[in-house]
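Presented below is the structure to which this report refers.
The values are calculated or read from the model by the stated rules, or taken from the named source; none is laboratory data. This one's a predicted model, so the numbers in the text were calculated from it and none came from an experiment. Here the Cβ positions follow ideal geometry from the backbone for every residue, glycine too, while neighbour counts run over all protein chains shown.
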Amino acid sequence: MPKRFHLGQYTMMPVTHHSMVTWKHPMHMQHPWRFDRPEIWQHVAKVCERGKFDFFFSADTEGIYADYQQSYKPAVRFAAQAPCYDVSTMMAWQAAVTSKIGYVFTASVAALPPYLLARRLSTWDHMSAGRAGVNIVTAFHLSSVRNLSIDDADHFAHDRRYDRADEYMEVMYQLWDSWDEDAIVMDVEGDMFADPEKVHPIDFDGEWFKVAGPLNVDRSPQGKPLIVQAGQSKRGQAFAARHAEVVFTIQHEVAGMKRYYDSVKGQLAQHGRSADDLKVLYGVQPIVGETEEIAQAKADMHNAMLNPEAGLTILSGHLGYDLSQEDINATVDGLKVPGIQGLVDMYMTSATSTKMTLGDIAKAHARGVSVPQIVGTPEQIADWMAETMEVVGGDGYLLSPVYLPGSIEEFVDLVVPELQRRGLVRDEYIDGTLRDNLMAF
Ligand SMILES: Cc1cc2nc3c(=O)[nH]c(=O)nc-3n(C[C@H](O)[C@H](O)[C@H](O)COP(=O)(O)O)c2cc1C
């Protein structure tokens with residue numbers, strides 16, 4: 001029996017996700033779909049549930065990237081992850097029409113006080129019957145920070161940002177535990193809805209947060225939502241090793257996937273956790289066709305529409321650094337940035353002897369923020385996924401679409417049956433929560 005792996009669907013709602021082509025792709029959002037209406041999001045959620053995916057994931061941010069040419073205008077022009085709708089709201093529409101698949105929305109510890117996020121997540125977990133997850137981020141780019149009344153210099157002290165996030169998590173854990181499991185008694189004769197002795201204040205008084213508690217939401221089906229994270233740096237990985245049940249990582253080569261896997265899994269024991277307690281999921285961009293020629297034609301069509309300047313715009317946003325000042329024909333060796341440094345390091349660590357120039361990187365970023373593009377028949381894509389998991393060790397993939405709803409429908413209708421036939425992914429959900437399903441293998 002082969003080791004099974006997990007599948008999740010990546011999005012960044014509503015138009016860009018990873019590929020900068022998506023919004024203008026001729027097969028994207030054909031009538032009757034519209035990105036600004038709930039029906040498309042409900043439809044793709046149902047398709048993912050049909051494919052027995054663990055969860056639907058959405059990235060989020062609180063500002064329009066304004067790094068490239070030091071202006072927000074290129075990001076607006078190229079739809080560089082803008083517009084970006086509030087994903088916890090978007091996903092509530094989706095959860096209402098599905099019953100098994102989980103939802104992981106991104107939330108920044110810089111945006112909401114921990115009490116309000118804990119409350120939102122508990123509410124979500126109740127309403128979805130235990131299908132809530134959260135991708136914890138710290139607001140890495142300046143546009144978000146400027147919109148959140150945060151003092152810039154203070155926020156960008158990188159490791160301090162994670163120290164604050166550690167404390168933020170601790171507040172949420174205590175709030176989620178502030179109602180005992182058996183607190184609600186519904187004793188009509190004694191006129192007692194909930195036993196006050198089983199609901200506790202937390203009286204948290206830390207370096208950043210002061211929170212009395214208890215939470216004004218009772219204990220939710222999962223107790224706490226599934227915790228997801230995407231830190232790449234040493235400090236980011238330490239945060240993941242302590243808190244996360246899933247890490248989402250982007251690695252453009254299999255060797256990098258393996259390095260990341262070993263590094264983050266190697267840190268779990270320090271926190272009394274086992275390797276199975278944390279699942280590592282890798283971004284991939286599958287382009288599937290009934291034949292190799294059909295798949296290749298689809299990839300060619302997509303890749304011919306790339307605009308490197310759109311790539312520079314989104315990459316500048318991810319790095320928090322204006323790449324318009326750099327030489328497009330040179331490498332970015334040694335570049336230090338305030339944003340996602342791991343991306344620079346990743347691009348500069350290539351298995352090939354020739355290093356990527358900034359021009360190559362711009363194209364890779366426009367194509368799909370550097371997630372590997374896997375082109376082929378269902379069998380070829382299943383082969384790649386199986387072989388990669390063999391090399392890396394686990395634990396699955398987050399699929400990045402190039403057009404909607406087609407990319408997701410094609411994967412679910414063509415590739416999933418092949419993966420199921422090989423026993424590599426689940427055939428059916430178990431009766432339980434998002435966490436129960438994820439931790440089942
Ligand atoms: C794959 C991936 C997905 C991410 N998604 C988001 C996101 O949706 N919103 C956000 O604000 N930050 C996001 N980030 C940024 C991270 O949360 C983190 O701030 C950034 O990677 C810098 O952390 P590091 O210094 O540990 O690398 C993402 C990062 C990666 C690598």
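So, in the range 255-287, exactly how many residues are part of a helix (DSSP H, G or I), within 30 Å of residue 375 (Cβ to Cβ) and aliphatic (A, V, I, L, M)?
Here is the first cut: in the range 255-287, the residues part of a helix (DSSP H, G or I) are 255-265, 269-271, 275-277.
Keeping just the survivors that are within 30 Å of residue 375 (Cβ to Cβ) gives 255-265.
Next, from what is left, pick out any that are aliphatic (A, V, I, L, M): 255, 257, 264.
Counting residues in the range 255-287 that are part of a helix (DSSP H, G or I), within 30 Å of residue 375 (Cβ to Cβ) and aliphatic (A, V, I, L, M) gives 3.
Out of all the residues in the range 309-344, which are among the charged types (D, E, K, R), farther than 18 Å from residue 142 by Cα and touching a residue at least 40 places away in the same chain (Cβ under 8 Å)?
From the range 309-344, those among the charged types (D, E, K, R) are 309, 322, 326-327, 333, 336; that's our starting set.
Pick out the ones that are also farther than 18 Å from residue 142 by Cα and you get 309, 326-327, 333.
Across the range 309-344, the qualifying residue is only 309.
When the range 288-341 is filtered for residues that are outside any loop (DSSP other than H, G, I, E, B) and of a type in the set (Ser, Thr, Tyr), the ones remaining, listed by number, are 313, 316, 324.
Considering only residues that are within 21 Å of residue 319 (Cβ to Cβ) and without any contact (Cβ under 8 Å) to a residue 40 or more places away in the chain, look in the range 234-248 and name the one that is nearest to the chain's Cα centre (by Cα). Ranking the candidates gives 247 first. If the condition is being buried (at least 23 other Cβ atoms within 10 Å of the Cβ) and assigned to a helix (DSSP H, G or I), then the range 125-135 contributes only 125. Looking only at residues in the range 1-47 that are among the charged types (D, E, K, R) and under 19 Å from residue 90 (Cα atoms), the one that is nearest to the ligand (Cβ to nearest atom) is 36. Answer yes if at least one residue in the range 218-226 is in contact with a His (Cβ under 7 Å, 6 or more places away or on another chain), among the charged types (D, E, K, R) and crowded, with 16+ Cβ neighbours inside 10 Å, and no otherwise. No; the residues of the range 218-226 include none that is in contact with a His (Cβ under 7 Å, 6 or more places away or on another chain), among the charged types (D, E, K, R) and crowded, with 16+ Cβ neighbours inside 10 Å. Might you check whether a residue that is at positive phi and of a type in the set (Gly, Ala, Ser) occurs anywhere in the range 72-80? The answer is yes, given that some residue of the range 72-80 is at positive phi and of a type in the set (Gly, Ala, Ser).
Annotation: of all residues in the range 68-117 being surrounded by 22 or more Cβ atoms within 10 Å (Cβ to Cβ), more than 18 Å from the chain's Cα centre (by Cα) and under 28 Å from residue 43 (Cβ atoms), the one that is nearest to the ligand (Cβ to nearest atom) is 75. In the condition set (1) of a type outside the set (Ser, Thr, Tyr); (2) touching a Cys at 6+ places or on another chain (Cβ under 7 Å); (3) assigned to a loop (DSSP other than H, G, I, E, B), residue 371 is compliant with all but (2). What are the residues in the range 263-276 that are in contact (Cβ under 8 Å) with a residue 24 or more places away in the chain and out of contact with any Asp or Glu (no Cβ under 7 Å at 6 or more places or on another chain), if any? Across the range 263-276, the qualifying residues are 263, 264, 265, 267, 270, 271, 273, 276.
In summary, residue 62 fulfils each of the numbered conditions (1) crowded, with 22+ Cβ neighbours inside 10 Å; (2) modelled with pLDDT under 95; (3) acidic (Asp, Glu) with the single exception of condition (1).
If only residues of the range 233-258 that are modelled with pLDDT of 95 or more and among the charged types (D, E, K, R) are counted, the one that is farthest from residue 433 (Cα to Cα) is 258.
Take the conditions (1) modelled with pLDDT under 95; (2) more than 16 Å from the ligand (Cβ to nearest atom); residue 52 misses just one of them, which is (1). Put simply, of 24, 52 the only residue that is surrounded by fewer than 16 Cβ atoms within 10 Å (Cβ to Cβ), in contact (Cβ under 8 Å) with a residue 60 or more places away in the chain and within 26 Å of residue 288 (Cβ to Cβ) is 24.
Does the range 331-343 contain any residue that is touching a Pro at 6+ places or on another chain (Cβ under 7 Å) and either buried (at least 18 other Cβ atoms within 10 Å of the Cβ) or more than 22 Å from residue 407 (Cα to Cα) (or both)? There is no residue in the range 331-343 that is touching a Pro at 6+ places or on another chain (Cβ under 7 Å) and either buried (at least 18 other Cβ atoms within 10 Å of the Cβ) or more than 22 Å from residue 407 (Cα to Cα) (or both). If you go through the range 138-191 and keep only what is surrounded by 15 or more Cβ atoms within 10 Å (Cβ to Cβ), under 28 Å from residue 232 (Cβ atoms) and of a type in the set (Ser, Thr, Tyr), you end up with 138, 143, 144, 162, 168, 173. Residue count for the range 302-353 satisfying the condition of being within 14 Å of the ligand (Cβ to nearest atom), small (Gly, Ala, Ser) and farther than 19 Å from residue 12 by Cα: 1. Taking the conditions exactly as written (part of a helix (DSSP H, G or I), under 21 Å from the mean Cα position of the chain (by Cα) and either within 16 Å of the ligand (Cβ to nearest atom) or under 20 Å from residue 433 (Cβ atoms) (or both)), does residue 120 satisfy them or not? Yes: the conditions hold for residue 120. Here the condition is being of a type outside the set (Gly, Ala, Ser) and in a helix (DSSP H, G or I); of 81, 30, 42, it holds for 42 alone. Checked against (1) within 27 Å of residue 321 (Cα to Cα); (2) under 23 Å from the mean Cα position of the chain (by Cα); (3) surrounded by fewer than 19 Cβ atoms within 10 Å (Cβ to Cβ), residue 409 meets all criteria but (1).
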